[in-house]
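Everything on this sheet refers to the single structure shown next.
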């Protein structure tokens, strides 16, 4: 059995929205949770304040409890977290939306209307990615439970989509007539509190890094310090190395109508990671 912990970045006024999932095998989950708790303890010692939850936006910019930690140290900590993920052999899944394109078409494109909201669009895409990547695995030991950061306004919408996934989405993973829809996914997702479900905080870190990288690389925002983009590129390459294949996320060739929908509205640069 696997767990996929998901969080998003960029659902406010930002140009891009990104959703990231951390896929963890249940046999390794306990050690991972313990390690993360130890990291928060070490960060508490470093700041002299009790850190119960890692908020990437504040950490990255050195705000709040992180004000006394210099930028180089914060960058080193983020790189260490990515190296830790790699050493734990966890996988990453991600997708995103160019919000200008999306909001231009969301009221007229019937497929976008099927998926109700921007958040549901990203969340459903992640389920399709995991379904596609896992259905062909040999010796697959179980399905995947999705765990999202609590989204009260989205839970009902998403439940309705999962109760009856649109037929066009079957093509994303080449569903056969005899197959059940999304048969690699445990059908009822869990919505948790990121303060208590620690791996949601890890998903938030990666979502923030990817979004900020896209914004600076496409000149939607500026570097706040010298070498920021270079540092982000190093981290993005580490994320790419532990991510599910591009073919499962944004196939460049042979796209069906389902995969083409998510490809069409994704930030162009994100498709290449």
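The numbers here are math on the coordinates, done by the rules we state, and not lab data. Predicted model, so just to flag it, every value in this text is computed and none were measured. Heads up, the Cβs are rebuilt from the backbone with ideal geometry, glycines too, and the neighbour counts pull from every protein chain shown.
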(message) I want to make sure I understand the PRE zone here: with the label point 7 angstrom from the Cα of residue 57 toward its beta carbon, which residues in region 75-99 have backbone N atoms less than 18 Å away?
(response) 97, 99
(request) Compute the label zone of residue 269 within region 239-262: residues whose backbone N is under 15 Å from the point 7 Å along Cα-to-Cβ. (result) 240
(message) When only alpha-carbon atoms are used, what values of Rg and Dmax, in angstrom, describe region 183-258?
(response) 16.2, 48
(message) If every alpha-carbon in region 118-232 counts as one equal scatterer, what log10 I(q)/I(0) does Debye give at q = 0.18, 0.22 1/Å?
(response) -1.02, -1.22
(request) Taking the Cβ of each residue in 125, 90 as the centre, tally the other Cβ atoms inside 10 Å and list the residues starting with the fewest. (result) 90, 125
(message) Run the simple label-point estimate for residue 143 and residue 108 please: 7 Å along Cα→C-beta, distance reported in nm.
(response) 3.9 nm
(message) Testing the spin-label approximation: label points 7 Å from Cα along Cα→Cβ at residue 253 and residue 76. State their distance in nm.
(response) 4.5 nm
(request) Go ahead and run the numbers for FRET between residue 223 and residue 176, Cβ-Cβ distance against an R0 of 45 Å, rounding to 0.05. (result) 0.40
(message) Given 25 °C and 0.890 mPa s, compute D for the chain with the Stokes-Einstein relation, Rh being the Kirkwood radius over Cα pairs; round to the nearest whole µm²/s.
(response) 128 µm²/s
(request) Could I have the simple spin-label model distance between residue 230 and residue 89, label points 7 Å from Cα toward Cβ, reported in nm to one decimal? (result) 3.5 nm
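Return one quarter of the surface area of the convex hull spanned by the alpha-carbon atoms of region 29-165, equal to its mean projected area, in nm². Display every interim value, and only then the final one.
Values: hull surface 45.5 nm².
Over all viewing directions, region 29-165 projects a mean Cα-hull area of 11.4 nm².
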(request) Provide 61, 67, 249 in ascending order of the number of other Cβ atoms located within 10 Å of each residue's Cβ, fewest first. (result) 67, 61, 249
(message) Kirkwood hydrodynamic radius, region 1-102, all distinct C-alpha pairs: what's the number in Å?
(response) 15.4 Å
(request) Project the alpha carbons of region 95-175 onto their principal axes and report the range along each, largest first, in whole Å. (result) 43, 28, 23
(message) For 4, 120, 225, which order do you get if you count the other beta carbons within 10 Å of each Cβ and list the fewest first?
(response) 225, 120, 4
